[in-house]
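Taken together, the values in this text are just the output of simple stated rules run on the coordinates, not laboratory data. Worth saying up front: this structure is predicted, and the values here are computed from it rather than measured. All Cβ positions, even for glycine, are placed from backbone atoms using ideal geometry, and neighbour counts span all protein chains on display.
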Amino acid sequence: MLMYHSVSVGEADFLTIPAIGLERQFVHLERRGYQPISCQQLIDWQDGKGTLPKRPVILTFDDGYLSNATLLYPLLKKHHLIATIFIPTKFIGQTNAWDNGTEAIMDVQTLQSLDPNVVELGLHSHAHLNYKHADLTTIAEDLQTCIATMNAIGLRCVPALAYPYGGVPKDRAALAELEKLLQANGIRLGLRIGNQVNVLPLANPYLIKRIDIRGDEPFWKFRVKLRLGRVKPF
């Protein structure tokens, strides 16, 4: 499972990958026999419905940047791929204010215009809240507001949550309570970071590892991460 954020025409940094570099990665996935699937396909497979390809991979994009619509979306259509974009609902139509940034987040009309066969929408909390540092009551309020907001604006959403910052409680008891809360709200998948390749069947669907794909890293690191999850230091 690969984790991206914003896409750019040429700028590259920790969270931003140039479209030309992203397309090169998509081509590499195709050539190496990887087949992107949706989170819903993974859920269906867990429920005994349908099959998965030999080398499945899930392309995830956090935060719902407008560049996902203007630059990512055309690339997905061109290469006949699907990706999951996780939305912090408080910031729809605004900017990435949680980072004190000014990068545009997709508005309701743009989100509604995305073909669900190309882009699947998921949850990224309401207020881009780090669940690692929040109590259960605060998390419950945030999560329920997130779900209610998606429902109110008529956006179809897969029951999957990408934890902002990859944050979950360290305490085992608190983590168990979080998992119960997610189950009670119909959430089937919880996505962290972790930089590891997941093995199916998943050991814990609420602690799925994602590989952090950075826009300012060379292509060879992407190839290594795809196989191993991370690049080991020399």
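Highlighted here are the strands (runs of 3 or more DSSP E) found entirely within the stretch 12-98 that include at least 1 residues which are free of Cβ contacts under 8 Å to residues at least 60 places away in the same chain: 59-62, 83-87.
I need the full set of residues from the stretch 196-225 which are under 20 Å from PHE61 (Cα atoms) and of a type in the set (S, T, N, Q), in order please. Of everything in the stretch 196-225, those that are under 20 Å from PHE61 (Cα atoms) and of a type in the set (S, T, N, Q) turn out to be GLN196, ASN198. Among the numbered criteria (1) out of contact with any Asp or Glu (no Cβ under 8 Å at 6 or more places or on another chain); (2) free of Cβ contacts under 8 Å to residues at least 40 places away in the same chain, which single criterion is violated by ILE153? For ILE153, the failing item is (2). Filter the stretch 27-67 for residues that are of a type in the set (Val, Ile, Thr) and in contact with a strand residue (DSSP E or B) (Cβ under 7 Å, 6 or more places away or on another chain); which is surrounded by the fewest Cβ atoms within 10 Å (Cβ to Cβ)? So the residue we want is ILE43. Got at least one residue in the stretch 170-177 being crowded, with 18+ Cβ neighbours inside 10 Å and not aliphatic (A, V, I, L, M)? For the stretch 170-177, residues crowded, with 18+ Cβ neighbours inside 10 Å and not aliphatic (A, V, I, L, M): absent. Among the residues making up the stretch 99-121, those that are part of a loop (DSSP other than H, G, I, E, B) and on the phi < 0 side of the Ramachandran plot are GLY101, THR102, GLU103, MET106, ASP107, LEU114, ASP115, PRO116, ASN117, VAL118. Filtering the stretch 183-234 down to residues that are aliphatic (A, V, I, L, M) and without any contact (Cβ under 8 Å) to a residue 60 or more places away in the chain, which residue is surrounded by the fewest Cβ atoms within 10 Å (Cβ to Cβ)? Across the stretch 183-234, the extreme among qualifying residues is VAL199. Considering the stretch 115-146, the residues that are surrounded by fewer than 19 Cβ atoms within 10 Å (Cβ to Cβ) and farther than 23 Å from ASP171 by Cα include one that is farthest from the chain's Cα centre (by Cα), namely THR145.
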